[in-house]
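Asks: Got a structure for you, questions after.
The values are calculated or read from the model by the stated rules, or taken from the named source; none is laboratory data. Just so it is clear, the structure is predicted and the values come from calculations on it, not from any experiment. Positions of Cβ are generated from backbone atoms using ideal geometry, with glycine treated the same way; all protein chains shown enter the neighbour counts.
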Amino acid sequence: MSKVFKTISIFLLIVMGVALVLTACQPKSQLKKVTLFEVTHSLFYTPQYVALGLGFFEEEGLEIELVDGKGADKVMAALLSGDADIGFMGPEATIYVYNEGKENHSIIFAQLTQRDGSFLVAREPDPDFTWDKLKGKEVLGGRKGGIPYMTLEYVVKSHGLTPGVDVNLRTDVQFDVLAGAFVGGEGDYVALFEPVASSLEKQGQGYVVASIGEEAGYIPYTCYSALKSTIEKDPELIQSFTNALYKGMLWVQNHSLEEIAEVVKPYFPDTDDDVLISLIERYRKQDSWKPDLVITEEGLNRLMEIMELAGELDKRADYSAIVNTSFAEKAMKNVNLD
């Protein structure tokens, strides 16, 4: 090794060492902390976990604290109380709050899922299931007024069954304990999200017989909301969050099931890899996610129609008052993975 090369090498090592020391002396994180309450913890929200797992939020300057809110009503309560900065839930919660006349109501700024993500689970395998088999049966459907229950009710009605007459759709079991109640012997069927539904299958305690999302069609199902005051005071936070989410959606569209499963595995450590892959495939096949963050007026009107049919909505909310599409449109125009 020549003296000149040796001298250069030593110099470079010294420079690298100084850089490491300076980096270590900097504050541990310059990221803005954001508390995100999600309506439930499910593979249905895979693009969100991809954005978290691949550091897309950090790239946008955000540190996310993820909290399982265990139901849209609880997520909205956290948002209104200030415990949550951003709430991830069905749009119905925002509609209810707006119709109550609250000045500082929540505003939807991005859509993640465009179908119901729940599946109908029976006590025995039934590859030839048809919806008329629910006649005379009891179904654990979740919280009355929640979008999972209302979508189930909509599907049941579309198959010519009348709730309360032909089939008993129960609303007295809380969303987060539906599986436990079913395993405990309550109901003939239950509506569950993944990976809970497949976990019951693996344990021989329940069997998926139908996709409620496929039956119901397009619905702006789960969206991100923030208080009006938050959006006005800190639009940069909302834009950064939306940008990161969109990166996650794009990444999911362009990678294999195996690659996606590897990224989300830390968020579902108790789920086997093969189950993760099959569930992600199940959700992707039924077109649960599109790289489109905009909740349309047509979509919101369809949701409100379902709410009206369920007897849960006396008047429709003003689309322009509860939806802000500017952050989604900007992310979709400017963000890419290159």
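Asks: Here is a check on your reading of the model: is Tyr224 hydroxyl-bearing (Ser, Thr, Tyr), under 19 Å from Lys33 (Cβ atoms) and assigned by TED's automatic domain parsing to the domain that holds Phe57? Walk me through it before giving the result.
Replies: Numbers: hydroxyl-bearing (Ser, Thr, Tyr): yes; under 19 Å from Lys33 (Cβ atoms): yes; assigned by TED's automatic domain parsing to the domain that holds Phe57: yes.
Considered against the rule, which asks whether it is hydroxyl-bearing (Ser, Thr, Tyr), under 19 Å from Lys33 (Cβ atoms) and assigned by TED's automatic domain parsing to the domain that holds Phe57, Tyr224 comes out as yes.
Asks: Select from segment 303-338 the residues that are assigned to a loop (DSSP other than H, G, I, E, B), within 23 Å of the chain's Cα centre (by Cα), surrounded by 14 or more Cβ atoms within 10 Å (Cβ to Cβ) and of a type outside the set (A, V, I, L, M) and list them in ascending order.
Replies: Within segment 303-338, Glu312, Asn324, Thr325 meet the criteria.
Asks: Another question about this same structure. Scanning segment 41-75 for residues that are farther than 24 Å from Ala197 by Cα and without any contact (Cβ under 8 Å) to a residue 40 or more places away in the chain, which turns out surrounded by the most Cβ atoms within 10 Å (Cβ to Cβ)?
Replies: Taking the candidates together, the pick is Ile64.
Asks: Looking at the structure I just gave you, is Leu245 under 24 Å from Glu153 (Cα atoms), in a helix (DSSP H, G or I), touching a residue at least 24 places away in the same chain (Cβ under 8 Å) and in contact with a strand residue (DSSP E or B) (Cβ under 7 Å, 6 or more places away or on another chain)? Lay out the reasoning, then the answer.
Replies: On the way: under 24 Å from Glu153 (Cα atoms): no; in a helix (DSSP H, G or I): yes; touching a residue at least 24 places away in the same chain (Cβ under 8 Å): yes; in contact with a strand residue (DSSP E or B) (Cβ under 7 Å, 6 or more places away or on another chain): yes.
For Leu245, the condition - under 24 Å from Glu153 (Cα atoms), in a helix (DSSP H, G or I), touching a residue at least 24 places away in the same chain (Cβ under 8 Å) and in contact with a strand residue (DSSP E or B) (Cβ under 7 Å, 6 or more places away or on another chain) - is not met.
Asks: Same structure, new question: Please work out which one of (1) closer than 24 Å to Leu192 by Cα; (2) surrounded by 15 or more Cβ atoms within 10 Å (Cβ to Cβ) is the condition Pro269 fails and give its number.
Replies: (2)
Asks: Got a sec? Which of Leu80, Leu140, Leu120 is at pLDDT 95 or above, surrounded by fewer than 24 Cβ atoms within 10 Å (Cβ to Cβ) and either over 24 Å from Gly185 (Cα atoms) or in contact with a strand residue (DSSP E or B) (Cβ under 9 Å, 6 or more places away or on another chain) (or both)? Steps first, answer last, please.
Replies: Details: Leu140 fails: surrounded by fewer than 24 Cβ atoms within 10 Å (Cβ to Cβ); Leu120 fails: surrounded by fewer than 24 Cβ atoms within 10 Å (Cβ to Cβ).
Answer to the selection: Leu80.
Asks: Give me the residue from segment 243-264 that is surrounded by fewer than 19 Cβ atoms within 10 Å (Cβ to Cβ) and of a type in the set (D, E, K, R) and, out of that set, farthest from Ala51 (Cα to Cα).
Replies: My answer is Glu258.
Asks: Is it true that Val67 is in contact with a helix residue (DSSP H, G or I) (Cβ under 9 Å, 6 or more places away or on another chain), more than 14 Å from Ile238 (Cα to Cα) and in a strand (DSSP E or B)?
Replies: Yes: the conditions hold for Val67.
Asks: Which of the numbered conditions does Tyr189 fail, given that it passes all the others? Conditions: (1) aromatic (Phe, Trp, Tyr); (2) under 18 Å from the mean Cα position of the chain (by Cα); (3) surrounded by 23 or more Cβ atoms within 10 Å (Cβ to Cβ).
Replies: Condition not satisfied by Tyr189: (2).
Asks: Then there is this: Mind telling me which of the residues Leu300, Leu279 ends up being more than 28 Å from Val208 (Cα to Cα), in contact (Cβ under 8 Å) with a residue 40 or more places away in the chain and outside any loop (DSSP other than H, G, I, E, B)? Before you say what the answer is, go through the steps one by one.
Replies: Details: Leu279 fails: more than 28 Å from Val208 (Cα to Cα).
After applying the criteria, what remains is Leu300.
Asks: Then there is this: Just the residues that are outside any loop (DSSP other than H, G, I, E, B) and within 10 Å of Glu38 (Cβ to Cβ), please, taken from segment 73-88. Before you say what the answer is, go through the steps one by one.
Replies: Restricting attention to segment 73-88, the residues satisfying the condition of being outside any loop (DSSP other than H, G, I, E, B) are 73-81, 86-88.
Across segment 73-88, the qualifying residues are Val75, Ile86, Gly87, Phe88.
Asks: Then there's this: Helices (runs of 4 or more DSSP H) wholly in segment 93-212 with at least 1 residues that are β-branched (Val, Ile, Thr) and without any contact (Cβ under 8 Å) to a residue 40 or more places away in the chain - which ones?
Replies: Values: elements: 147-158, 178-183, 196-202.
Fully inside segment 93-212 and qualifying: 147-158, 178-183.
Asks: If you scan segment 213-222, which residues turn out to be part of a helix (DSSP H, G or I) and of a type in the set (A, V, I, L, M)?
Replies: Taking segment 213-222 as the starting set, the residues that turn out to be part of a helix (DSSP H, G or I) are 213-216.
Ala216 - this is the single residue of segment 213-222 that is part of a helix (DSSP H, G or I) and of a type in the set (A, V, I, L, M).
Asks: Now for a different question. Go through (1) without any contact (Cβ under 8 Å) to a residue 24 or more places away in the chain; (2) more than 16 Å from Val50 (Cα to Cα) and name the single condition Asp273 misses.
Replies: (2)
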